[in-house]
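Participant: Before I ask anything, let me first share the structure, which is written out below as structure tokens.
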Amino acid sequence: MTPAARLSAAIEVLADIEARKRPAAEALKDWGVSHRFAGSGDRAAIGNLVFDCLRTRASAAYVMGEASPRALVLRTLVTSWGLAPQEVAALADGIRHAPEPLSEAELAGLSRALAADTPAFVRGDYPEWLASEFERAFGCHAAEEGAALARRAPVDLRVNTLKADRDKVLKALRRFEARRTPHAPLGIRIEQAPGPGKSPHIEAEPGHGKGWFEVQDEGSQLATLLSGAKPRQQAIDLCAGAGGKTLGLAALIKNTGQLYAYDADRVRLRPIFERLKRAGARNVQVLPAGDREALAKLDGKMDLVLIDAPCTGSGVWRRRPDAKWRLSPHMLDARQAEQRAVLDEGAALVKPGGRLAYITCSVLPPENRDQVDAFLARRPEFRLIPWPELWQEALPGVEPVASAGGSAETLLLTPSRHGTDGFFVAVLQRSA
């Protein structure tokens, strides 16, 4: 396919997403099935352009004066892919499969910059109805934090210390220009370049098949470390899903003690079995999905309960930019109800003196500190452990970061401040 034909394809996919209100990945998959002549490079370029358009939809529509798929594609080529307006005009010449030529208004829009008084939700590319929550979380930095969530994310890996060390993995991945992450002691980062190029398929590497590493954002790695998991503990990953944090806990506990993995959804839990085997995690017992009776047998016995709570996913918009435009107030309310329920469920499992680690991949206060404060009001036998204490305990010798929320008790990681996805971490201890 020609570069111009790729633009037309991206416009077509965006129109399908808008019309059918469905995830971008589904629309791209269906487009690929119905256009089998497109090569892997074509599909990668079209997918990159579609996702980049969704990342900056609000600001692109504001400047162009319309939110049509065509307007988004044209503007994204300038702001995210680095093309000059005249280069975009040359591509859109209307010949064969190219988009129709640009109008004078479109060309002017490609050269227009956002004014300083543009609303923060536009500059930050997040939904207008979330403006008050972003201001609560970040104050005058709301637009800056939103804009950071609208950029492409790197590929982060966590080295599995049950089978490898970081130097070994770095050597195996040197052709990808892999480097150490800034904070997580076992993290490795591979940057993604802007434009049409393919993302590195790291999970196809032999080292992944051997269990040397897992794909996991540095923020998720830090959240797991701050839980304070130690060898010989009894611990449970209560919302285990596919097992990303379960694997991290298994490495921290060093295949000693007993680690349980539980999730209410059997489909989400299904991939965990292959991942545990590949990682060499031998101390993990996967409880039957949704089996509350099996869970109740652990009441009051856990040294650590880790809750990777169901949430809106606002902290991972870099990786799923379409999700922010599908998010609704009703969905936020539903996630909050689920969070309250799982916090109460997890609290029952914690033994006296044990810990409950509450983690979300959200930056929204109603899912984060608001939930923790409400939980503490319900369960006064728990207290917050200030996160700097947790950092010193889990990461001795690593310079502490500053919480994006400015709290001395709970930690909020963001791409703007820390280079990670958005993660909230609160660790509570039950009185002995």
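Participant: Quote the accessible area belonging to Ile359 in square angstrom, nearest 10, computed with a 1.4 Å probe and with ligands, DNA and RNA left uncounted.
Facilitator: 0
Participant: Separate question: Just to confirm, what accessible area per residue do you get for the chain at 1.4 Å probe, in whole Å²?
Facilitator: 43
Participant: May I pose another question? What distance in nm lies between label points placed 7 Å from Cα along the C-beta direction at Ala108 and Glu293?
Facilitator: Modelled inter-label distance: 7.2 nm.
Participant: Still on this structure: What number, in percent, do you get for the relative contact order of the chain if the mean sequence gap of Cα pairs under 8 Å and at least 6 apart is divided by its residue count?
Facilitator: Averaging sequence separation for qualifying contacts and normalising by length gives 14 percent for the chain.
Participant: State which helices in the chain qualify, where a helix is a whole DSSP H run, it must extend 24 Å or more along its own axis by its Cα atoms, and its mean Kyte-Doolittle hydropathy must be at least -1.0.
Facilitator: TM-like helix candidates: 3-20, 329-347.
Participant: Do the alpha carbons of any pairs in Lys171/Lys324; Lys254/Lys297; Lys210/Lys301 sit beyond 28 Å of each other, and which pairs? Don't jump to the answer; show the numbers that get you there.
Facilitator: On the way: Lys171/Lys324 37 Å; Lys254/Lys297 24 Å; Lys210/Lys301 34 Å.
Long pairs (Cα-Cα over 28 Å): Lys171/Lys324; Lys210/Lys301.
Participant: Right, next: Could you tell me what percent of the accessible area of region 148-260 is made up of carbon and sulfur, with a 1.4 Å probe and every protein chain present?
Facilitator: Working: 2270 of 4450 Å².
For region 148-260, the apolar C and S fraction of the accessible surface comes to 51 percent.
Participant: Kindly provide the helix-only [θ] at 222 nm of the chain, computed as the sum of -39,500 (n - 2.57) over DSSP H runs of four or more divided by all residues, to the nearest 500 deg cm²/dmol?
Facilitator: Computed ellipticity for the chain at 222 nm equals -12500 deg cm²/dmol.
Participant: Next question. Give me the one-decimal nm value for the distance between modelled label points at Thr256 and Glu144, 7 Å along each residue's Cα-to-Cβ direction.
Facilitator: Using points 7 Å along Cα→Cβ, the separation is 4.4 nm.
Participant: Between Arg136 and Lys171, what is the label-to-label distance in nm when each label sits 7 Å out along the Cα-to-Cβ direction?
Facilitator: With each label point 7 Å from Cα toward Cβ, the separation is 5.1 nm.
Participant: What is the calculated FRET efficiency for Arg282 to His35, with r their C-beta to C-beta distance and R₀ = 51 Å, to the nearest 0.05?
Facilitator: Computed FRET efficiency for Arg282 and His35 comes out at 0.65.
Participant: Moving on to the next point. For region 284-354, which trypsin sites (Lys or Arg not before Pro) are in a loop by DSSP, counting at most 16 other Cβ atoms within 10 Å?
Facilitator: Here the sparse-neighbourhood loop sites are Lys297, Lys301, Arg319.
Participant: Can you compute the FRET efficiency between Ala242 and Ala15 using 1/(1 + (r/R0)^6), with r the Cβ-Cβ distance and R0 = 45 Å? Round to the nearest 0.05.
Facilitator: On the way: r = 32 Å, r/R0 = 0.71.
About 0.90, to the nearest 0.05.
Participant: From the protein chains alone at 1.4 Å, what is the descending order of accessible area for Glu203, Glu399, largest first?
Facilitator: Glu399, Glu203
Participant: Here's something else I'd like to know. Give me the accessible area of His183, 1.4 Å probe, in Å² rounded to the nearest 10.
Facilitator: His183 exposes around 40 Å² with every protein chain in place.
Participant: Order the following by accessible area, largest value first: Asp16, Asp344, Asp165, Asp263. Probe radius 1.4 Å; ligands, DNA and RNA are ignored.
Facilitator: Largest accessible area first, the list is Asp165, Asp344, Asp16, Asp263.
The values are calculated or read from the model by the stated rules, or taken from the named source; none is laboratory data. In this text, all values refer to a predicted model and were calculated from it rather than measured experimentally. For neighbour counting, all protein chains shown are included, and Cβ atoms are generated from backbone atoms with ideal geometry for every residue, glycine included. Heads up: the accessible areas ignore ligands, DNA and RNA and are worked out on the full protein's heavy atoms, side chains in. Shrake-Rupley method; radii C 1.70, N 1.55, O 1.52, S 1.80 Å.
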